[in-house]
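To start, the structure under review is shown below, and the notes come after it.
Derivation of every value follows stated rules applied to the coordinates shown; laboratory data play no part. Model, not experiment: these values are computed from the prediction. Virtual Cβ from ideal backbone geometry, glycine too; neighbours counted across all protein chains shown.
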Amino acid sequence: MNILFAGVECFPFIKIGGLGDVLGILPKELNSLGDVDTRVIMPKFSVIKEELLKDIEFVDEFYVFVGQKAHKVKLWQEKYNGFIIYFLENEKYFNRERVYDFPDELERWALFQVGTVEAMKYMKDFKVDVLNCHDWHTGMIPEIIKVKYFKEFGNIKTVFTIHNIMFQGECDRQTAKLFNMPFSNVMEMNGKMNFMKSAIVSADYVNTVSDTYSKELLSSDYFSMGLGSILNQKAKAKAFGGILNGLDYVLWNPETDSGIPLNYTFKNYKEGKEKAKRVLYDKLGREDFYTDTPMMAIVSRLTRQKGLDLITHVIDNLLNDYTFKFVVIGSGERGYEDFFRDLEKRHPYKVKCFIGYSDELAHLTYAASDLFLMPSAFEPCGLGQMIALRYGSLPIVRETGGLKDSVMPFNEYTMEGNGFSFTNYNAYDMDYVIRYAFRIYKEKDKWDTLVKHAMESDYSFKQSAIKYYKMYKDLLDK
């Protein structure tokens, strides 16, 4: 099978969110399975570090029409991390100081999408069998193939992967002119053009990034953001499902992580966490923080989606009732940033916040923490809880999306589970579970069993790759 992934992020070249992880790791894992050649195509953004492009090779150049204007596009390729990556270069649209948020976003992604289809003509010795489009920036590609390129590429199976249905590419219906296509019912939603809706209707198969999230999208308008009825039609046609994303087990590995003071396995995890705490607290300017007490952490974007309003309701009471340290690493909505700053002032000997993002502090925090708080309102997949499990930091999550699929609640009677969870989006349910976790922490045999289960959990991309492989095979066999 020849599989081509189309997306605007691919680690390590560009990574803003989880999309970058999937395109940067899943192709390698797919290729390791044998009779499959998985490649990626993405824009050649000028912000990509030069050292990552040292082995890049020129393939060809051609013109792409955006509306009535032709733009020269150069196609490059590079082999990296076990697979080939194609880059589409265009000075006007991709030579920018950042990846996203420009007034001409729709033009930029129109050029990338049409350019991706055109580029398949110039990929030497690579005839695409399955084109897997990722997120709304690639949502028009399946319809472009059907309407404009059917004679050349109509035999290609198209898959569309929804990473977060909140972002759909909704725009004015005149945007269809950028693709030199008539506006149609396929792309229409609420009187506007919708890239994601077009993809769902046109693609041969649609998947999302966890099994539970796929079920949530079918069951509630709250989750599906208006696309539930279309997804249900897809599901009835057996053309919709969910595959849980994985974690990069090379990057996130407490046994080899160069960013933590002592590498550890389950056998010496207590010593590893003790040393990580000391270094983390020192870097946060709180050397006095270290005591033999549990540490609960958040490493997250500070947004409502992450369940932070639940935390604001109960965290003061928890800090008053229990002796523990609370570390927050992240940035986002101003109201939450201000809340955590004020929380630190109210509890100066228990709370420390770092407003911003630091990869160094993130690695240390996962290694140092005993509990990892992630009570999301919704979470298509989530990687934080998987990293926490890997480092023996027990997740406390709400049972939604990928959180439900990866965190199994601890049962102290059967000794099963790898973390803690609650069902309802309710602050007091979360509070109850946190208090339960603090009780289990004091029962060392139970706690050690839980940590062992957490660190033995396998949510690597290899498991995801096996399921993607089967999805592609089934699609081609139809």
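Could you tell me which trypsin sites (Lys or Arg not before Pro) in the range 197-275 are loop residues by DSSP with no more than 12 other beta carbons within 10 angstrom of their beta carbon?
Answer in residue order: 238.
If you put +1 on each Lys and Arg Cβ and -1 on each Asp and Glu Cβ, how big is the dipole of the chain around its Cα centre, in Debye rounded to 20?
In total the dipole reaches around 540 debye.
Beyond 16 Å, what share of the Cα-Cα pairs of the range 389-466 is found? Please give it as a whole percent.
In whole percent, the share of Cα-Cα pairs in the range 389-466 beyond 16 Å is 51.
When only Cα pairs under 8 Å and 6 or more residues apart are kept, what is the percent relative contact order across the range 266-458?
About 21 percent, as a whole number.
Dimensions of the range 1-149 along principal axes (Cα, Å, largest first)?
Cα spread of the range 1-149 along its principal axes, largest to smallest: 43, 35, 27 Å.
How large is the direction-averaged shadow of the alpha-carbon convex hull of the range 266-458, in nm²?
Hull-based average projected area comes out at 9.7 nm².
Considering Cα pairs under 8 angstrom that are at least six residues apart, work out the relative contact order of the chain and quote it in whole percent.
12 percent
Under the rule of at least 5 residues apart or a separate chain, name every residue whose amide H is placed under 5 Å from the amide H of residue 2.
HN-HN under 5 Å from residue 2: 37, 129, 130.
Using DSSP to define loop residues, name the trypsin sites (Lys or Arg not before Pro) in the range 1-45 whose beta-carbon has at most 15 other beta-carbon atoms within 10 Å.
Taking the range 1-45 and a limit of 15 other Cβ atoms within 10 Å, the loop trypsin sites (Lys or Arg not before Pro) found are 15.
Just to verify a number: FRET efficiency for residue 69 and residue 426, C-beta to C-beta distance, R0 = 60 Å, to 0.05?
Once rounded, the FRET efficiency stands at 0.65.
Could you calculate the FRET efficiency of residue 440 with residue 60 from 1/(1 + (r/R0)^6), where r is the beta carbon distance between them and R0 is 41 Å, rounded to 0.05?
It comes out at approximately 0.10.
Please give the calculated 222 nm ellipticity per residue for the chain, where each DSSP H segment of at least 4 residues contributes -39500 (n - 2.57) and the sum is spread over every residue; nearest 500 deg cm²/dmol?
-11500 deg cm²/dmol
log₁₀ I(q)/I(0) of the range 56-119 at q = 0.22, 0.25, 0.27 Å⁻¹, via Debye over equal Cα point scatterers, no solvent, to two decimals?
-0.95, -1.12, -1.21
Rounded to the nearest 0.05, what FRET efficiency is calculated for residue 148 and residue 16 with R0 set to 41 Å and r the Cβ-Cβ distance?
Computed FRET efficiency for residue 148 and residue 16: 0.90.
Ordered by residue, what ³J(HN,Hα) values in Hz, to whole numbers, does the range 119-128 give under the Karplus form 6.51 cos²θ - 1.76 cosθ + 1.60, where θ = phi - 60° and Gly and Pro are x?
These are the phi-based 3J(HN,Hα) values: 4, 4, 6, 10, 7, 5, 6, 9, 9, 5 Hz.
Considering the dipole of the chain built from charges on the beta carbon (Lys and Arg +1, Asp and Glu -1) around the Cα centre, which of 230, 314, 77 is farthest to its positive end?
Value: 230.
Taking the Cα centre as origin and putting +1 on Lys and Arg beta-carbons and -1 on Asp and Glu beta-carbons, what dipole magnitude results for the range 266-458, to the nearest 20 debye?
I would put it at about 320 debye.
Which whole-number percent gives the relative contact order of the range 1-153, counting Cα pairs below 8 Å spaced six or more residues apart?
Worked out over the range 1-153, it gives 27 percent.
Starting at the first residue of the range 385-400, write each ³J(HN,Hα) from the Karplus equation 6.51 cos²θ - 1.76 cosθ + 1.60 with θ = phi - 60°, in whole Hz, x for Gly and Pro.
5, 6, 4, 4, 4, 4, 9, x, 9, 7, x, 10, 10, 8, 7, 8
Once the cut-off is 36 Å, how many percent of the Cα-Cα pairs in the chain end up in the long-distance tail?
33 percent
Once the Cα gyration tensor of the range 111-198 is diagonalised, what are the square roots of 5 times its eigenvalues, in whole Å and ordered largest first, as equivalent ellipsoid semi-axes?
Over the Cα atoms of the range 111-198, the ellipsoid semi-axes are 23, 15, 11 Å.
Please report the antiparallel percentage of the DSSP beta bridges confined to the chain, to the nearest 5.
The answer is about 30 percent antiparallel.
Between helix 334-346 and the chain, what is the angle of the helix's C-alpha long axis to the longest principal axis, kept within 0 to 90° and rounded to the nearest 10?
Rounded to the nearest ten degrees, it is 10.
Contour minus end-to-end for residue 52 and residue 293, with contour as 0.36 nm per residue of separation and end-to-end as the Cα-Cα distance?
Residue separation times 0.36 nm, minus the Cα-Cα distance, leaves 82.5 nm.
List the GluC sites (Glu not before Pro) within the range 160-267 that fall in a DSSP loop (any state other than H, G, I, E or B) and whose Cβ has at most 15 other Cβ atoms within 10 Å.
Here the sparse-neighbourhood loop sites are 255.
Once amide H atoms are built 1.01 Å from N in the peptide plane, which residues 5 or more positions from residue 80, or in another chain, come under 5 Å H to H?
The list, which skips near neighbours in sequence, is 85.
Provide the per-residue ³J(HN,Hα) series for the range 37-50, in order, calculated from phi with Karplus coefficients 6.51, -1.76, 1.60 and θ = phi - 60°, each as a whole number of Hz, with x at glycine and proline positions.
Those phi angles translate into 10, 9, 10, 10, 10, 8, x, 8, 5, 5, 7, 5, 5, 4 Hz.
Treating the Cα atoms of the range 197-312 as identical point scatterers in vacuum, please give the log10 of the normalised Debye intensity I(q)/I(0) at q = 0.10, 0.23 Å⁻¹, two decimals.
Log10 I(q)/I(0), no solvent term: -0.57, -1.28.
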